[in-house]
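Okay, structure first, notes after.
All of the numbers you see were taken from the coordinates with simple rules; none came from a lab. Computed from a predicted structure; not experimentally measured. All Cβ positions, glycine included, derive from the backbone under ideal geometry; neighbour counts span all protein chains shown.
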Amino acid sequence: MLLKELTQLHGVSGYEREVKNYIKNIISEKVDEVIEDAIGNLIAIKKGNGDKKKKIMLSGHMDEIGLQVIKIEDNGMIMVKSLGCSWMFTTYQSRVRFRNGIYGVVESRIRPEKLETKFTELYVDIGLSSKKEVEKYIDIGDVAVYAGEYAKLPEDYIMAKAIDDRVGCYMMMETLLQEKDPYNDIYYVFSVQEEVGCRGSEVTANRIRPDIGVAVDVTPAHDRPGDLEGSNTLGKGVAIKISDTSVICDEYLIEKMITCCKEKKIDFQKEVIYVGGTDASSINMAGNGVKVAGISVVTRYTHGPNAIVCEKDIKEAIRLLKEFINLEFDI
Ligand SMILES: [Zn+2]
């Protein structure tokens, strides 16, 4: 199954090649043109048939949070930095996997209760006890992802690593495969390096100069006691982004989405968050400015190995995407 396979691929920010090749193989024959740019973005273009068609850029990022080796100590401890925002409480004691298939566990060189946010105290342990032995398998610059297998939970819930943002890639792929003849010109952008500052979508938006940009991504859940404040709830439908820390979405586009959901009976919720952002921010500021919106899937425990999402929310998000790319926009 597509989503299961997508979550298990190795794609730390800046090292998304495995994900890109997987997606490219499935979609290339189904679109009018495929572009791979210098920094690794994959752009799949499907021309529209509408009289008043617009250029719509959908952006879902291929990269995931990971660790990168900065030093190997004499006793075999592999010191790392985080690529993207890792949380201490999801990182410590997590199992990680390097690109060559070697597994390790994230440990601490100080008592774990003293860790707080001291990320530099973390190291990866692959079981070996000397630098010489470790260097046979691991080098400076190597990257590792969290190991978090895809698991079906009761009812229609799913748990896996890299839900952020393979679920976005999945929803865009499904839309592309199901909607063969859209009204608007659709630029399906599978972007790189979102987790380190939306770098991929920035150059892509400047290349495409779309009329409308939509980030297709996850948004953190607010329905557990340890979560931040907000209204995002699992199982309540697709989340329509209103604002986050780096973007305030276009009111006209939000209204179009909400009207569409009401007409087509698509379950939706409004998303307002005060930590985090998406590719919508960089698209918004590209060129002379672009109207942007966001279609999100509410996710518990994002940026860790055990993110949880609801399949129903994913289905509703795909339904909205399919409708949205066929709307006529008066802009
Ligand atoms: Zn994301």
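Residues ASP51, ASP142, ASP267 in ascending order of nearby Cβ atoms (within 10 Å, fewest first): ASP51, ASP267, ASP142.
Within region 66-146, the proportion of C-alpha pairs whose separation exceeds 18 Å stands at 31%. For region 214-288, the set of chymotrypsin sites (Phe, Trp or Tyr not before Pro) satisfying both a DSSP loop assignment and a count of at most 15 other C-beta atoms within 10 Å is given as TYR274. Translational diffusion of the chain was estimated from the Stokes-Einstein equation, with Rh taken as the Kirkwood radius over Cα pairs; at 20 °C and 1.002 mPa s the coefficient is 106 µm²/s. From a point 7 Å beyond the Cα of LYS71 in the direction of its Cβ, which residues of region 93-111 have a backbone N at a distance under 19 Å? Counting only backbone N, you get 106-111.
Got a sec? How would ILE331, ILE308, ILE242 order by Cβ neighbour count within 10 Å, fewest to most? Mind dumping the intermediate values first?
Details: ILE331 11, ILE308 19, ILE242 16.
With the sparsest Cβ surroundings first, the list reads ILE331, ILE242, ILE308.
For Cα pairs less than 8 Å apart in space and 6+ apart in sequence, what is the mean separation divided by the residue count of region 122-245, i.e. the relative contact order in percent? Over region 122-245, the number comes to 14 percent.
Among 289-297, 276-284, what's the highest-first ranking by average C-beta atoms within 10 angstrom per residue? Can you show the working numbers first?
Details: 289-297: 24.2, 276-284: 26.2.
The packing order, highest mean first, is 276-284, 289-297.
Rounded if a/c is under 1.5, else prolate if a/b is larger than b/c, else oblate: which is region 126-191, with a ≥ b ≥ c the root eigenvalues of its Cα gyration tensor? Taking the square roots of the gyration eigenvalues as a ≥ b ≥ c, region 126-191 is oblate.
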